[in-house]
Amino acid sequence: MKVTVLGAGYMGSAVTFPLSQNKIEVNLWGTWLDDEIIDFCEKSEHPKLQKELNPNINFFRSRELEKALHEADAIFIGVSSEGFLPVYRKLLKCIKGSIPIFTLTKGLIEEAGDIFTISSIAEKIYNKNIGNDFIWTSIGGPVKAVELAYFVPTFSIYASKNKKAKQISNNFNTEYYNIRQSDDVLGVELCSAFKNVYSVSLGICDGLYKNYKEGQYHNFSSILFNQGVKEISEIVKNFGGKVSTAFNLAGIGDLYVTSQSGRNRRFGELVGRGVKADEAYHGMLLEGDIAEGYRTLNLGHKFVKQQSLLKKTPLLNSLYNIMYNFYDPERELLNLLKIIK
């Protein structure tokens, strides 16, 4: 079996470990932003994961997409939500028939003024360019890239309605990378997108209190975490997903691990310390780290507002006020406590 992974950043590169461990031939293609990463990987270790990738990985630079896709049996997409459409459109120009696609991308997509989940916009573009037989899997769950690269055990949720995709995904399972199947594609996608948003609130708590109340603000954090779970479940239910998904690994599990560490938590901490959200985001971007929660918050707020759901998502609204209306983080979150039940 041969798998092509698109995106040589954190998660795209990390998933090559369980794939190659299962004796799958892996082609790792780097986008136009990843060529330098590919250079590093060919010579030594991955600069973000700080570990050498398996020696049987085949590396391809941005100009070599068609070559990287040659005879692939399945495709993993591991790019950011912002980079998804450019990469996806390039992909569809290079494939002729139906190939199972597994996406690690988490977020929402804006296209022509409308906001879509990743699978819905992907299917729309696919049907327009390729035709029927859209074989898609959305991947969620508590899987940090660095931990995956170092074989820390976890469960990964593979959501698909396609029998062939479910059968193929069994080939990716390992002792430490445990795959669990779901047919709730929408629920898993929404959980994966909004957990990045709500985890920012826990980072803000760190930024506000960590320096002088180390370990003594968990009461506040737990309230924000609980509210985040409740709001994710409301969003999932309203858009037609399964509420149970939000209260399982794709929802509460992924929110927990993202709230504990990672780029979105770090972004929130910077905001809690007084850095303006746009400055914090672009500062991290210059270091090569994308805080997906910042952009997803903007799109997610519009997405939820269109369904008149904001009354049921007060934390989402408070985060929007902090990030985009530049409200004082501590005052806004303290005011939130007067609203939530």
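The values are calculated or read from the model by the stated rules, or taken from the named source; none is laboratory data. Since this is a predicted model, take the numbers as computed values, not measurements. Ideal geometry is used to build each Cβ from the backbone, glycine not excepted, and the neighbour counts take in all protein chains shown.
At-a-glance table
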| item | result |
| --- | --- |
| Flag for Ile179 being in a strand (DSSP E or B) and either aromatic (Phe, Trp, Tyr) or within 13 Å of the chain's Cα centre (by Cα) (or both) | no |
| Wholly within segment 52-124, strands (runs of 3 or more DSSP E) carrying at least 3 residues that are closer than 23 Å to Gln167 by Cβ | 74-77, 101-103 |
| Pick from segment 243-296, criterion of a type in the set (S, T, N, Q) and in a loop (DSSP other than H, G, I, E, B), ranking: surrounded by the most Cβ atoms within 10 Å (Cβ to Cβ) | Asn248 |
| Qualifying residue in segment 299-309 (condition: closer than 30 Å to Asp34 by Cα, surrounded by 14 or more Cβ atoms within 10 Å (Cβ to Cβ) and small (Gly, Ala, Ser)) | yes |
| Total residues in segment 9-37, condition under 19 Å from Ser81 (Cβ atoms) and either touching a residue at least 60 places away in the same chain (Cβ under 8 Å) or among the polar types (S, T, N, Q) (or both) | 8 |
| Residue count, segment 205-235 (criterion: in a helix (DSSP H, G or I), of a type in the set (Ser, Thr, Tyr) and surrounded by fewer than 22 Cβ atoms within 10 Å (Cβ to Cβ)) | 3 |
| Check on Ser318, assigned to a helix (DSSP H, G or I), among the small types (Gly, Ala, Ser) and either at pLDDT below 95 or in contact with a helix residue (DSSP H, G or I) (Cβ under 9 Å, 6 or more places away or on another chain) (or both) | yes |
| Test: residue in segment 108-123 that is among the hydrophobic types (A, V, I, L, M, F, W, C), at pLDDT 95 or above and closer than 25 Å to Gln21 by Cβ | no |
| Yes/no for Ile235 being farther than 24 Å from Ile115 by Cβ, among the β-branched types (Val, Ile, Thr), in contact (Cβ under 8 Å) with a residue 60 or more places away in the chain and out of contact with any Lys or Arg (no Cβ under 7 Å at 6 or more places or on another chain) | no |
| Segment 87-141: number of residues that are farther than 25 Å from Leu297 by Cα and among the charged types (D, E, K, R) | 5 |
| Residue satisfying all of: in segment 11-51; in a helix (DSSP H, G or I) and of a type in the set (Val, Ile, Thr); nearest to Ala291 (Cα to Cα) among these | Ile37 |
| Residue in segment 82-95 that is within 13 Å of the chain's Cα centre (by Cα) and either within 23 Å of Ile252 (Cβ to Cβ) or aromatic (Phe, Trp, Tyr) (or both) present | yes |
| Filtered residues of segment 15-35 (kept if in contact with a strand residue (DSSP E or B) (Cβ under 9 Å, 6 or more places away or on another chain) and of a type in the set (A, V, I, L, M, F, W, C)) | Val15, Phe17, Leu19, Ile24, Val26, Leu28, Trp29 |
| Of all residues making up segment 319-341, the number that are in contact (Cβ under 8 Å) with a residue 40 or more places away in the chain and under 23 Å from the mean Cα position of the chain (by Cα) | 4 |
